[in-house]
Amino acid sequence: MYCNACGTEFRGRYCHQCGRANPGATPSLRRAPLERPRQGRKIAGVCLALANSLDVDPNLVRVLWVVITVLFALVFGVLAYLAAWVLIPEEPQMALPAAEAAPGPR
């Protein structure tokens, strides 16, 4: 699905690039898999993975993570982020067609 505002491809109801909701996207009862996307990351994609899985705005998750980390325990928040970075799998890489993958003159 592509964002109506900025044209970026995304999954879910909110664009990870501009944060706008896509009115054409219907909320689904099935959650997206918890995996760190390769596009749209700010640091490691942990907050974006949580936002995609919960179908909420990624910027909201990022702000909440920072606020909770600062208010409660800086060390706990950083350690939780690092643990999530290690435990949440990365999105599978798309295979390139043979014509694009082969280097050389065209």
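The values are calculated or read from the model by the stated rules, or taken from the named source; none is laboratory data. On a predicted model such as this, the values are computed, not experimentally measured, just so you know. Note that we place each Cβ from the backbone using ideal geometry, even for glycine, and neighbour counts take in every protein chain shown.
Structure values in brief
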item: Sole exception among (1) more than 11 Å from the chain's Cα centre (by Cα); (2) surrounded by 12 or more Cβ atoms within 10 Å (Cβ to Cβ) for Val67, by number; result: (2)
item: Verdict on Ala83 being among the small types (Gly, Ala, Ser) and at pLDDT 90 or above; result: yes
item: Residues located in segment 9-60, provided they are farther than 25 Å from Ala80 by Cβ, out of contact with any Gly (no Cβ under 9 Å at 6 or more places or on another chain) and modelled with pLDDT of 70 or more; result: Glu9, Cys18, Arg20, Ala21
